[in-house]
Amino acid sequence: MKKEPTKNSDAEFVARLETLSDEVQLKDDEVDELLREAGIDAQASTERMLARVREVEQRQRAERFAKAEIERKAALERLGAPRARRSKAELLSRLAEIRSSLPPGDQPQAFYRGFEAASEEDLESFVADLEELLSRGKA
Amino acid sequence: MDSKTLGLFKEQLPRVYRQVLARAVVLVQRHPLYARGSNSMGKAAEELAQEAVVRVLDGDRTWDPTKVELVFFLKEVMRSILNADLKSPAAAKDSLNGDQANESGTAGSGADERLGVLDDRDRGLARSAEQQLLESERCAAIVDRALDAAGTDPVLGKLVNAIVEGCSKSAEIAQATGLSVDQVYEATRKLRRRLSARGSRS
């Protein structure tokens, strides 16, 4: 070797060597040697890793369910909360407003010939449901 | 990570996991302090590899399969975990405790304590200096072994010279030496094997 690194550049040399080594894929025999040296049984270790993956997925599923349950309870509370009484005219006006804000394919469907024929109670409940869905972006 | 990428991740993971474990071993060997809480280097490597997988599943790290292979992606995640751990206060404390354990029973340290010459911060700094010394000795040994390993092999000689000159990427080395990238890869593996045989990992 013509040019040897000075002692001061040893760390830099090793850092560059490690960067290069990280870039180059390990061959099977190198992998075997490393795992053997470290006392790792690859098969058993892979099974432990897969078990950990299943644990994480179960935890994530439980967290999603817990979150959905909290949202469901909050929605029920909102629906069950006393609402300001609105006149039939106000309800019909609010319904028209909601319908006009939605595209034709997303129009609310209800088994009334015309909403005007619905009772005030049914109309109140229907508008409240729509408002709840709109607030959750699902209408 | 979207569901399609997550599916690909879970499909590829068992196939590449041996490689990931081997990379974890290399990283832990380079930084033995990381293994301080584990029974063994192998256990620490396995924990590091598992932690990287969990971080990806939890969405802390996002894999883009169009840009990087899974093994290299997980290797970077592991390196990041390891670096963060080594910079943590817990690592500094463990390093300090190790130092105090080494010093216990020496007349000097007891006298220093009585005189109040050294406080914990001073000990930490002293330890840091000691670690730096050990690290510089490790690096010097690797350099010596790399030069020795290159020996009279002309390709390895070119590779080591290029690294000495400041190259660290295969493309740079190929350009600097006239070797093909595949030759650089092969020479790097040869150098790794020779260093390993001489008791050093790169």
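Laboratory data are not the source of any read-out in this text; all were calculated from the coordinates shown. Treat the numbers as computed from the prediction; the structure is a model and nothing was measured. Cβ: placed from backbone, ideal geometry, glycine included. Neighbour counts: every protein chain shown.
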Quick numbers on the stretch B:125-188, Rg and Dmax over C-alpha atoms in Å, give 14.7, 46
Pairs beyond 28 Å (Cα-Cα), from B:Lys169/B:Lys190; B:Lys75/B:Lys190; B:Lys43/B:Lys158; A:Lys67/A:Lys88: B:Lys43/B:Lys158; A:Lys67/A:Lys88
Integer Hz, Karplus 6.51/-1.76/1.60 couplings in order for the stretch A:80-91, x for Gly and Pro: x, 5, x, 10, 5, 5, 10, 6, 4, 5, 5, 5
With viscosity set to 1.567 mPa s at 4 °C, what whole-number translational diffusion coefficient in µm²/s follows for the stretch A:84-135 from Stokes-Einstein and a Kirkwood radius over Cα pairs? 115 µm²/s
Residue-ordered couplings for the stretch A:93-101, obtained by feeding phi - 60° into the Karplus form 6.51 cos²θ - 1.76 cosθ + 1.60 and rounding to whole Hz (Gly and Pro as x), are 5, 5, 5, 4, 5, 5, 4, 6, 7
In nanometres, what is the gap between the two model label sites at B:Asn83 and B:Lys43, each 7 Å from Cα along Cα-to-Cβ? 2.8 nm
Residues B:Val68 and A:Ser100, FRET efficiency given R0 of 51 Å [Cβ-Cβ distance, rounded to 0.05]: 0.55
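Go through the stretch A:67-139 and name the trypsin sites (Lys or Arg not before Pro) that are in a DSSP coil and have 16 or fewer other Cβ atoms within 10 Å of their Cβ.
A:Arg83, A:Arg85, A:Arg86, A:Arg113, A:Arg136, A:Lys138
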Using θ = phi - 60° and the Karplus relation 6.51 cos²θ - 1.76 cosθ + 1.60, list the HN-Hα couplings for the stretch A:46-51 in order, rounded to whole Hz, with x at every Gly or Pro. 5, 5, 5, 5, 5, 5
So the FRET efficiency between B:Val181 and A:Arg61, C-beta based with R0 = 51 Å and rounded to 0.05, is 0.70
Between A:Leu50 and A:Asp32, what length comes free when the chain is fully extended (0.36 nm per residue of separation minus the Cα-Cα distance, one decimal in nm)? 4.4 nm
Name the shape class, rounded, prolate or oblate, that the alpha-carbon gyration tensor gives for chain A, where a ≥ b ≥ c are the square roots of its eigenvalues, rounded holds for a/c under 1.5, and otherwise prolate holds if a/b is larger than b/c and oblate otherwise. prolate
Who wins for biggest fluctuation among A:Val56, A:Val24, A:Val127 in a Gaussian network model of chain A, springs between alpha carbons below 10 Å? A:Val24
Quick note, the stretch A:1-81: a/c under 1.5 would make it rounded; otherwise a/b > b/c is prolate and the rest oblate (a ≥ b ≥ c, C-alpha gyration tensor); here it is oblate
Protection proxy (average C-beta count within 10 Å per residue), highest first, orders A:40-52, B:58-70 as A:40-52, B:58-70
